[in-house]
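The structure appears below as structure tokens.
The values are calculated or read from the model by the stated rules, or taken from the named source; none is laboratory data. Everything quoted here is computed from the prediction, not taken from an experiment. Cβ placement follows ideal geometry from the backbone for every residue including glycine, while neighbour counts extend to all protein chains displayed.
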Amino acid sequence: MINHAARMTAEGLEAEYCKVMEYIPTENRLLVRAGVGWGEDVIGQATVGADLASPAGYALKTGKHVTYNRLENEQRFRMPER
């Protein structure tokens, strides 16, 4: 079901990438559970910090969406390696 949600969200937003993340409170991290456009090494394996310095952490903590089109120009956040 979450794979379908990621796929439908990506289609609706006309986005190349989309991911569904799970908050891991004991680590204060977010784990990529499903997604579109990501490699096999990301889904179920990649995590990012759930703090305000990461795009996903910012969205979780503030309830505001994060959208960016050019990662190379992104200055607001610490960007994940993958």
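Only one residue in Val20, Val32, Val42, Val36 is touching a helix residue (DSSP H, G or I) at 6+ places or on another chain (Cβ under 8 Å), under 21 Å from Arg78 (Cα atoms) and in contact (Cβ under 8 Å) with a residue 12 or more places away in the chain. Which one?
Working: Val32 fails: touching a helix residue (DSSP H, G or I) at 6+ places or on another chain (Cβ under 8 Å); Val42 fails: touching a helix residue (DSSP H, G or I) at 6+ places or on another chain (Cβ under 8 Å); Val36 fails: under 21 Å from Arg78 (Cα atoms).
It is Val20.
Say we look at region 53-74 and pick out the residues that are polar (S, T, N, Q) and more than 13 Å from the chain's Cα centre (by Cα); which of these is modelled with the lowest pLDDT? Steps first, please.
First, the residues of region 53-74 that are polar (S, T, N, Q): 54, 62, 67, 69, 73.
From what is left, the residues that are more than 13 Å from the chain's Cα centre (by Cα) are 62, 69, 73.
Details: Thr62: 94, Asn69: 66, Asn73: 72.
Per the stated criteria, the residue is Asn69.
The rows are residues; the columns are (1) among the polar types (S, T, N, Q); (2) surrounded by 18 or more Cβ atoms within 10 Å (Cβ to Cβ); (3) farther than 19 Å from Thr67 by Cβ.
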| residue | (1), (2), (3) |
| --- | --- |
| Glu11 | no, no, no |
| Thr26 | yes, no, yes |
| Leu30 | no, yes, no |
| Gly35 | no, yes, no |
| Ile43 | no, yes, yes |
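Pull up region 1-32, narrow it to residues that are of a type in the set (A, V, I, L, M) and not in a helix (DSSP H, G or I), then point me to the one that is nearest to Gly57 (Cα to Cα).
Only one residue fits best here, namely Leu30.
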